[in-house]
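Reviewing the structure listed below.
The values are calculated or read from the model by the stated rules, or taken from the named source; none is laboratory data. Quantities reported herein were computed from a predicted structural model and do not represent experimental measurements. All Cβ positions, even for glycine, are placed from backbone atoms using ideal geometry, and neighbour counts span all protein chains on display. Just so you know, the surface numbers come from the protein's heavy atoms only, side chains and all, with ligands and any DNA or RNA stripped out. Shrake-Rupley method; radii C 1.70, N 1.55, O 1.52, S 1.80 Å.
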Amino acid sequence: MAKLWGGRFTKGTDKAVEDFTSSIAFDARMYAEDIAGSKAHAKMLAKQNIISQKDCDDIVAGLTKIKGQIDAGEFPFSVSLEDIHMNIEKRLTDDIGEAGGRLHTGRSRNDQCAVDLHMYVRRAVTHMGELIVDMQKALIEVSEKYSDVIMPGYTHLQRAQPVLFAHHMMAYFSMLERDFDRLPLVFKHADIMPLGAGALAGSTYGIDQTYTQQLLAFSRIYENSMDAVSDRDYVVEFLSFASLVMMHLSRLSEELILWSTNEFGFIELDDAHCTGSSIMPQKKNPDVCELVRGKTGRTYGHLLGLLTTLKGLPLTYNKDMQEDKEGIFDAIDTVTFALSINTAMLRGMTVNGKRMHAVLNDDFSNATDMADYLAKKGVPFREAHEIVGSAVQHCIQKGCVLLDLSVDDFKAISSHFDADILDAITIEACVAGRNNYSGTAPECVERQRQVGKQLIADEEAQIAKWTAIITSVEE
């Protein structure tokens with residue numbers, strides 16, 4: 001098949017080169033953005049009398065027809081036409097004749113490809129925001145459902161201090177809040193229009209970039225044409241965002257895996273989100289959590305891969321930059337899956353509060369509160385720490401825990417202990433006493449939920465603004 005750029009060449013492209021350089025297998029997903037960008041470009045060309053209004057009308061109608069065919073799965077993509085841009089332009093020219101050949105006047109595939117990706121990332125950012133908000137809502141729902149459940153908090157994966165299970169869930173809410181906070185910057189940097197930069201130096205035609213900007217609902221235009229076609233910072237920023245989201249979800253997945261073991265027994269994941277064993281009938285495996293954990297490294301790889309690709313490129317466009325798409329497309333798909341499935345798992349899991357409480361009644365998670373009790377009686381904290389450490393050692397030797405000791409036992413350990421020590425180190429008292437602003441006391445966690453609900457409202461308002469921008473662009 002003759003290339004649209006083949007005039008300078010005396011022989012056809014080797015089949016292996018076509019296969020190696022073609023990007024249609026993955027960039028076909030940008031067809032809606034490519035068609036929207038082409039329609040806007042055609043309208044601008046007509047407005048500037050660079051092409052006739054009839055040509056513009058034929059182009060827009062032809063592109064609308066092509067979009068309908070692709071939507072319906074009736075458009076045959078060709079590897080020999082390399083990418084989504086050339087596939088659409090060739091079909092358009094075949095359908096409407098010479099007018100289709102005039103569409104590319106005043107632009108290059110360099111700025112055409114860039115504008116497609118900018119619009120695609122804007123859409124992806126909006127969808128990511130929606131998914132994050134849904135998971136945050138699920139975390140609040142779980143926090144409310146199990147608001148009175150107390151669990152061991154850990155450091156070094158050793159039981160440390162008791163916390164509300166709801167407090168633990170709201171920690172992930174905060175992580176996702178930071179993830180959402182990164183999205184406006186990604187959107188801002190994706191919301192710059194490169195169309196009009198041409199191959200790298202601009203255009204000799206009297207194009208009106210401001211008009212195209214308005215049609216495509218971009219907030220600004222690149223100031224520098226060379227920067228416009230070579231910039232992939234916004235893609236790197238999206239991949240950085242994606243990597244952080246996956247890191248947070250991987251940490252949650254690891255905890256869900258641990259908590260669902262017989263050794264912990266803290267939760268049970270819904271059968272719909274687990275798999276079985278081909279040989280061991282009793283198994284219920286948290287495969288989804290393990291895949292989220294595993295796919296995190298894959299997302300990191302896309303970030304490092306693009307950074308490595310870009311680090312040695314001279315300005316402006318180089319074919320290496322085709323490598324920007326597979327990574328971000330896969331990252332979008334991976335994060336979409338991970339957020340969606342984690343949200344469903346949270347809503348479907350069952351929390352075993354009795355098991356958690358039993359564990360806490362059989363360990364030394366209240367040791368810090370015992371030391372705090374002494375410090376409040378005037379004992380220097382380091383001395384109190386030593387006294388409690390000795391008491392813990394005493395209990396270990398006797399095969400009991402601090403709550404098993406009597407008031408007389410406590411007084412024998414230190415004269416600073418009174419009868420109220422037994423109330424001071426109950427699991428409930430340990431949690432209720434940590435009532436500072438960010439603490440785990442019930443009233444503190446309730447405040448976190450209320451703050452979280454307001455943050456969600458703010459996020460949804462931001463998403464509505466992004467959605468309005470995207471839907472204002474004709475596809």
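Assorted remarks:
- Residues of the range 374-419 that turn out to be farther than 16 Å from F364 by Cα, assigned to a loop (DSSP other than H, G, I, E, B) and more than 47 Å from the chain's Cα centre (by Cα), as a count: 9
- Residue pairs meeting the criteria (Cβ under 9 Å; at least 6 apart or on separate chains; first touching a residue at least 40 places away in the same chain (Cβ under 8 Å) and within 11 Å of K137 (Cα to Cα), in the range 444-458; second loosely packed, with under 14 Cβ neighbours inside 10 Å and acidic (D, E)): R449/E144
- Among the residues listed as D55, D94, D111, the single one being buried (at least 20 other Cβ atoms within 10 Å of the Cβ) and more than 30 Å from F180 (Cα to Cα): D55
- Between A371, A391, A424, A412, the distinction of being buried (at least 17 other Cβ atoms within 10 Å of the Cβ) and at pLDDT below 95 belongs to A391 only.
- Residues satisfying the stated conditions in the range 310-331, i.e. assigned to a helix (DSSP H, G or I) and open to solvent by less than 40 Å² (accessible area, probe 1.4 Å): M321, Q322, D324, K325, G327, I328, F329, D330, A331
- Across the range 285-305, the qualifying residues are those that are under 28 Å from P152 (Cβ atoms), of a type outside the set (A, V, I, L, M, F, W, C) and out of contact with any Leu (no Cβ under 8 Å at 6 or more places or on another chain), and the one among them that is most open to solvent (accessible area, probe 1.4 Å) is R293.
- Residue match in the range 148-165 (condition: assigned to a loop (DSSP other than H, G, I, E, B) and closer than 22 Å to C444 by Cβ): yes
- Note on the range 433-475: among residues that are in a loop (DSSP other than H, G, I, E, B) and polar (S, T, N, Q), the one that is least open to solvent (accessible area, probe 1.4 Å) is T440.
- Filter result for the condition that a residue is touching a residue at least 40 places away in the same chain (Cβ under 8 Å), in a helix (DSSP H, G or I) and touching a His at 6+ places or on another chain (Cβ under 9 Å), over T336, T343: T336
- Filtered residues of the range 135-147 (kept if open to solvent by less than 60 Å² (accessible area, probe 1.4 Å) and either modelled with pLDDT under 95 or assigned to a helix (DSSP H, G or I) (or both)): M135, Q136, A138, L139, I140, V142, S143
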